[in-house]
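Accompanying notes for the structure given below.
Read-outs: derived from the displayed coordinates by stated rules, not from any lab. None of the values given here were measured: they were computed from a predicted structure. Glycine also receives a Cβ, built like all others from the backbone with ideal geometry; neighbour counts cover every protein chain displayed.
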Amino acid sequence: MTRSVADIIAGLGTGIYRDGRWHTASSGDTFTVENPATGETIATLSDGGPDDASAAVAAAAANQRDWAAVPTRTRSEILRRAYELVLERADELAAVMTAEMGKPLAEARGEVGYAAEFFRWFAEEAVRVRGDARRSPDGKSRFFVTSEPVGPSILITPWNFPLAMVSRKIGPAIAAGCTMVYKPAELTPLTSLYVVDLLAEAGLPDGVLSVVCTTSPGPVVSTWIDSGQARKLSFTGSTPVGKVLLEQCARGVLRTSMELGGNAPFIVCADADIDTAVDAAMVAKTRNMGQACTAANRMLVHCSRIDEFSAALTERMSALTVGDGAAEGTDIGPLVEAKALDKVESLVGDAVARGAKVLCGGERIEGAGHFYPPTVLTDVDPAAELMSTEVFGPVAAIVPFDTDDEAVAAANDTEFGLVAYVMTESADRGFSIAERLESGMVGFNTGLVSNPAAPFGGVKQSGLGREGGLTGIDEFLETKYVAMPVR
Ligand code: NAP
């Protein structure tokens with residue numbers, strides 16, 4: 001990397017992008033972006049409002065027809081070029097992500113690779129959208145079934161995976177031929193600004209993608225939803241905000257894709273291989289400092305293995321290095337903001353007040369930045385708040401169980417259903433438990449399920465629809481059926 005991260009950030013756009021150009025907010029307002037490891041301000045951006053949102057969605061509507069007419073091979077090649085550019089710029093993208101969000105550089109580089117794959121995967125999918133032609137069962141009609149882009153799409157992303165969450169939406173939207181209006185998270189807009197310039201370099205035509213960064217997400221997004229010009233909302237974020245947006249989308253009957261919160265159970269069966277289980281737990285618990293929708297939130301461990309598992313996990317968690325993600329060798333960076341640190345502290349405090357034992361960590365790290373140490377808790381009361389709330393911190397809460405049925409019942413005892421993990425040496429037992437778990441995804445002897453070629457998404461209040469995989473592009477396609485009589 002030849003440029004410093006400060007120089008890279010200084011070269012990014014204003015925060016409002018439309019018709020292939022950066023603009024300032026019509027109100028003239030600005031907001032700042034902070035590095036969570038140091039508390040320093042690293043950028044000042046335009047703070048968009050409803051006027052900027054109206055102009056953005058008007059651009060998306062005006063360009064939809066022309067964009068849909070662009071051959072799929074051309075759209076595919078734009079995505080392929082974007083994939084290559086993301087990999088070429090991996091170090092710069094990782095440095096920006098670490099600066100605005102805190103994750104260690106090694107993890108940020110991992111996210112760059114994962115995010116780039118969505119562009120490659122959807123470059124391949126763009127040219128493979130299939131249709132259907134056949135006779136009606138009574139032989140009197142011909143059926144022609146094709147797919148069309150759903151139309152101008154609203155994309156909203158959270159702060160925890162600033163690159164992957166947006167490439168997972170922009171990839172299929174470009175492949176399907178949808179124009180886009182996009183609102184990144186307020187805490188982490190810089191990675192998105194980088195991606196906008198990169199997509200323009202990859203050949204994305206002006207007018208296809210507009211961006212509004214803002215500190216007023218409600219007014220900006222409701223301007224889009226109520227515009228009558230957007231046809232689709234693809235949201236990744238918390239369940240409470242997702243519910244508000246679903247209600248708003250009902251007003252205009254917009255198509256929705258909802259990737260919402262989780263409360264993943266991590267089941268360690270009596271016959272689990274403890275090394276495998278601990279490796280998986282470390283990935284599922286510490287990735288992104290535990291700030292992932294897929295984070296193992298509740299570790300349900302068979303009572304015969306709980307001492308062994310707790311000791312091995314504590315040893316691994318205690319050995320992690322906490323610090324600024326920009327420093328090589330850091331395993332655990334800061335939490336994203338002061339509020340997040342307060343929440344983790346309060347959840348641990350509640351569990352301890354209810355009798356949990358702290359095997360390591362357990363107290364915030366004082367000083368600049370929002371640091372919380374890797375923490376292992378045992379004897380956690382099932383009624384503790386962290387059993388029903390996303391912890392979003394590096395805190396493993398361990399609860400014993402006696403029978404597989406009991407583990408499955410405890411795992412399903414939540415309104416969430418994104419992902420679950422099961423550790424066992426028996427394929428039969430693993431599949432049987434996976435079949436009974438109420439979740440969209442199951443990690444069987446692994447702590448990582450995310451893969452662009454696989455369908456990512458949840459059931460219950462964890463969401464609607466799937467991103468990635470063979471059906472990911474369908475979220476941005478509408479079915480068109482033409483009937484013709486046989487004469
Ligand atoms: P969040 O508070 O729901 O915010 C997500 C996005 O929605 C942000 O861009 C936010 O803008 C915006 N937003 C907030 N209020 C809004 C409103 N009234 N109208 C329109 N947009 C609004 O979630 P978060 O704290 O950023 O992210 C963490 C959550 O996301 C967790 O629950 C996590 O499990 C979930 N998540 C799910 C997945 C998945 O694939 N299922 C993946 C990652 C994260 P601001 O940034 O300005 O607040």
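Amide H contacts under 5 Å for Glu34: Ile42, restricted to partners 5 or more places along the chain or on a different chain, H placed in the peptide plane at 1.01 Å from N.
When the alpha carbon coordinates of segment 203-268 are projected onto the principal axes, the ranges are 51, 34, 25 Å, largest first. P(r) tail, segment 426-487: Cα-Cα pairs separated by more than 20 Å, 46% of all pairs. Look at His23, His370 and count the other Cβ atoms within 10 Å of each Cβ; fewest to most, that gives His23, His370. Averaging the sequence gap over all C-alpha pairs within less than 8 Å and six or more residues apart, then dividing by the number of residues, gives segment 279-408 a relative contact order of 33 percent.
Taking a Cβ cut-off of under 10 Å around Gly458, the surrounding Lys, Arg, Asp and Glu residues balance to a net charge of 0, with basic ones at +1 and acidic ones at -1. Here the average projected area of the convex hull drawn through the C-alpha atoms of the chain stands at 24.1 nm². Using DSSP, restrict attention to beta bridges with both residues in segment 351-487 and report what percent are antiparallel, rounded to the nearest 5. Of all bridge pairs located within segment 351-487, approximately 40 percent are antiparallel. Here the Karplus relation 6.51 cos²θ - 1.76 cosθ + 1.60, evaluated at θ = phi - 60°, turns the backbone of segment 311-324 into coupling constants of 5, 5, 5, 4, 4, 5, 5, 5, 7, 6, 9, 9, x, 4 Hz, with x for every Gly and Pro.
For trypsin sites (Lys or Arg not before Pro), no site in segment 282-365 is both called loop by DSSP and has at most 12 other Cβ atoms within 10 Å. Remark: the Leu246-Glu385 segment gains 47.4 nm on full extension, using 0.36 nm per residue and subtracting the alpha carbon distance. The sum of -39500 (n - 2.57) across all DSSP H runs of n ≥ 4, divided by the residue count of the chain, sets its helix-only mean residue ellipticity at 222 nm to -12000 deg cm²/dmol. Over segment 71-189, the pair-distance histogram of Cα-Cα distances with 10 Å bins from zero comes to 14, 35, 27, 13, 6, 4, 1 percent, rounded to whole numbers. The distance linking segment 399-426 with segment 320-387 is 23 Å (Cα centroid to Cα centroid, whole angstrom). Restricting the calculation to alpha carbons of segment 264-451 gives Rg and Dmax of 15.5, 50 angstrom. For segment 270-381, the C-alpha radius of gyration sits at 1.07 times the compact-globule guess of 2.2 N^0.38 Å, with N the residue count. Taking the Cβ of Thr479 as the center, what net charge do the other residues with Cβ under 13 Å away carry, scoring Lys and Arg +1 and Asp and Glu -1? Net charge in that neighbourhood comes out at -2. Taking a virtual spin label 7 Å from the Cα of Asn412 along the C-beta vector, which residues in segment 238-278 bring their backbone nitrogen under 15 Å of it? Output list for this probe position: 265. Considered as an equivalent ellipsoid built on the Cα gyration tensor, segment 391-471 has semi-axes of 21, 16, 13 Å, the largest given first.
The modelled label-to-label distance between Asp307 and Arg487, using points 7 Å beyond Cα along the C-beta direction, is 8.5 nm.
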